[in-house]
Amino acid sequence: MPRLVRAWACQFRCGYKVQTSKVRMKEHEDWCYMNPVNRACKSCGRYLLQESDGSEPGGSYCDEDNLGGKLRQDCEKWIPESETEAENA
Ligand SMILES: [Zn+2]
């Protein structure tokens, strides 16, 4: 019979596995790509993940820069996702 344990999940809902250690989860949150403080591509309003349609390969895109397949942290062009939603409204 499995035991029930208490676990901690990332507050930024990045999908990272849960931790039974609150301290370890805090460490994760400090570098999490969804933490706005890190200004990372995946939490940026300019980031677009293009899925492959079979003829063209998919990949990560940014409307400001050529990412060249590399995701960034501490990007000076980072904007919150809510800003692009406002632009498109
Ligand atoms: Zn996270």
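Summary table below
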{"item": "Between 0 and 90°, nearest 10: helix 22-31 axis offset from the chain longest Cα axis", "result": "10"}
{"item": "Point-to-point label distance, Glu81-Ser55, nm (Cα→Cβ direction, 7 Å offset)", "result": "3.0"}
{"item": "Inter-probe distance in nm under a simple model that places probes 7 Å from Cα toward Cβ, at Lys70 and Tyr16", "result": "2.2"}
{"item": "Cα centroid of the range 1-28 to Cα centroid of the range 37-77, whole Å", "result": "27"}
{"item": "Choice from Asp74, Asp53, Asp65 with maximal GNM fluctuation in the chain (Cα, 10 Å cutoff)", "result": "Asp53"}
{"item": "Proximal lysines relative to Lys77, as straight alpha-carbon distance under 30 Å, when same-chain residues fewer than 8 apart are discounted", "result": "Lys17, Lys26, Lys42"}
{"item": "Residue among Tyr16, Tyr33, Tyr47 with the largest mean-square fluctuation in a Gaussian network model of the chain, springs linking Cα atoms under 10 Å", "result": "Tyr16"}
{"item": "Spatial extent of the chain: Rg and Dmax, with the Cα atoms as the point set, Å", "result": "16.4, 53"}
{"item": "Simple label model, 7 Å out from Cα along Cβ direction - Ala9 to Glu27, nm", "result": "2.2"}
{"item": "Debye, to nearest 20: dipole size of the chain, +1 on Lys, Arg Cβ, -1 on Asp, Glu Cβ", "result": "940"}
{"item": "Normalised contact order of the chain, rounded percent, pairs of Cα under 8 Å and 6 or more residues apart", "result": "22"}
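Throughout, read-outs are computed from the coordinates displayed, never taken from laboratory work. Quantities reported herein were computed from a predicted structural model and do not represent experimental measurements. Virtual Cβ from ideal backbone geometry, glycine too; neighbours counted across all protein chains shown.
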